[in-house]
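Reviewing the structure listed below.
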Amino acid sequence: MSAFDYDLFVIGGGSGGVRSGRLAAALGKKVAIAEEFRYGGTCVIRGCVPKKLYVYASQFAEHFEDAAGFGWTVGESRFDWAKLVAAKEQEIARLEGLYRKGLANAGAEILDTRAELAGPNTVKLLASGKTVTAERIVIAVGGHPSPHDALPGHELCITSNEAFDLPALPESILIAGGGYIAVEFANIFHGLGVKTTLIYRGKEILSRFDQDMRRGLHAAMEEKGIRILCEDIIQSVSADADGRRVATTMKHGEIVADQVMLALGRMPNTNGLGLEAAGVRTNELGAIIVDAFSRTSTPGIYALGDVTDRVQLTPVAIHEAMCFIETEYKNNPTSPDHDLIATAVFSQPEIGTVGITEEEAARKFQEIEVYRAEFRPMKATLSGRKEKTIMKLVVNAADRKVVGAHILGHDAGEMAQLLGISLRAGCTKDDFDRTMAVHPTAAEELVTMYQPSYRVRNGERVG
Ligand code: NDP
């Protein structure tokens, strides 16, 4: 008989926690999982899933306008924020139920409580005050939006946590940040009819993406009517007599808006988790330090997902969980592979990307070939909408391998998923050229760009 109450105790019911708990339980391990809020975690409850639903909601205004070019007359349209929030809530409640069901069916014990470490193999359950022991503990507690404490008036601002459930749709919003969340929400709110301003400290939004994507999206967002203020920051936020927010910016004076939203990165949920009691080390950002097998500094304690500050993406947390199971319960040491992660920004238009940017490739390889196409999507010919699709393949000239693929346009996220397979498989540009096109699609451009648009040799563009 085991000396512990459980084989595995999982703290956190998000993507990484649920996957590790469910798989371990399905293998016959005695598993308990504790969640203090709602099962499903950031992704399901206040991240990817509701975000994508809101993206769909925000696209209808353009669909209604575009319909005219195809012969349709659309009647008067009206948007009801409360209806969207309620529909979203119903869907995430359904998904939360599925997460619970999956765990229960696998035989895991589901606990609705905050859990904290009380020692190396010991967890304290706050709801009951009980202490339990486990041979292995997985910490998968995720993160939260940075509250940006240093900003005077930050308590008057909202983050993505509140944005989904605002009591009313604001008439205007100022969003700070230039990353995934700021850009996605700027497009959502604008599409729903909110006067939207984005303020970002850098020269160009989406700092870690390919320049063509960054510039192309910036131009497309401005064309839609989103105001983008780069190289500026909010210095303070106050409330006026009408309860509106007044943001003082460094370069653009005062901006008055119904809401100010901060999307300035996310922080790991490690405060008060008892990490010190258990000897689990964190970095300067509070993220748990792990080795290649998600092992923390304390034997028997593992950490997965956003709490580790490796790559903050749902599929990455799930992958890390599966590697943990392989390593610890299937005698098959497997370390998570964080290379070539395809990703999408659900902006409007979307960005889909995998591999490295042109700039990174130019630094890494002596010579690269860049294949680039910019065109009006077919739908825009009749809708009359002024929009462009940009596609770009970055190729290492020495071995012809495609090292980066970047798309701005409709369904770019879907394309990035498939391009991810090609890049993973190590496909060369010749493999792309040999592939028959699917016509008429936008994606066919990816296999019909036969001549490089330009080359970059030793960091210099050479035509
Ligand atoms: P990001 O890291 O993407 O962006 C943070 C933004 O805040 C950057 O533009 C950054 O600027 C800026 N910033 C940070 N600190 C400051 C500061 N002190 N003053 C002014 N600006 C600042 O974080 P997000 O919050 O947007 O998203 C968190 C993570 O969640 C992402 O990294 C992503 O992994 C994940 N996510 C993924 C999505 C998807 O897959 N579609 C959607 C949403 C989130 P700078 O660039 O100059 O550093």
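Quick note: the coordinates plus some simple rules give every number you see, no bench work behind them. Predicted, not measured: the structure shown is a model, and the values here were computed from it. Using ideal geometry, Cβ is built from the backbone for each residue, glycine included, and neighbour counts are taken over all protein chains shown.
For region 197-219, how many residues meet the condition of being in a loop (DSSP other than H, G, I, E, B), in contact with a strand residue (DSSP E or B) (Cβ under 9 Å, 6 or more places away or on another chain) and near the ligand (Cβ under 9 Å from one of its atoms)? Number satisfying all stated conditions: 4. So, in region 260-282, of the ones that are assigned to a strand (DSSP E or B) and not β-branched (Val, Ile, Thr), which residue ends up nearest to the ligand (Cβ to nearest atom)? Across region 260-282, the extreme among qualifying residues is ARG266.
The residue list THR334, THR308, THR353, THR270 contains one member that is touching a Cys at 6+ places or on another chain (Cβ under 8 Å) and farther than 16 Å from PRO120 by Cβ, which is THR334.
Residue-by-condition table, conditions (1) within 16 Å of the ligand (Cβ to nearest atom); (2) among the aromatic types (Phe, Trp, Tyr); (3) over 16 Å from THR42 (Cβ atoms); (4) in contact with a helix residue (DSSP H, G or I) (Cβ under 6 Å, 6 or more places away or on another chain):
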| position | (1), (2), (3), (4) |
| --- | --- |
| ARG295 | no, no, yes, no |
| THR298 | no, no, yes, yes |
| VAL307 | yes, no, no, no |
| ARG310 | yes, no, no, no |
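Name the residues in region 420-450 that are touching a residue at least 40 places away in the same chain (Cβ under 8 Å) and more than 27 Å from the chain's Cα centre (by Cα), would you? Hits for region 420-450 are LYS429, PRO440, MET449.
The residue list ALA127, ALA104, ALA150 contains one member that is of a type in the set (A, V, I, L, M, F, W, C), surrounded by fewer than 22 Cβ atoms within 10 Å (Cβ to Cβ) and within 16 Å of the ligand (Cβ to nearest atom), which is ALA150.
Note on region 434-459: residues that are under 24 Å from LYS364 (Cβ atoms) and surrounded by 13 or more Cβ atoms within 10 Å (Cβ to Cβ) amount to 8. Whenever a residue of region 136-156 is free of Cβ contacts under 8 Å to residues at least 12 places away in the same chain and more than 16 Å from TYR39 (Cα to Cα), it has no partner that is outside any loop (DSSP other than H, G, I, E, B) and away from the ligand (no atom under 14 Å from the Cβ) lying with C-beta atoms less than 8 angstrom away and at least six residues away or across chains.
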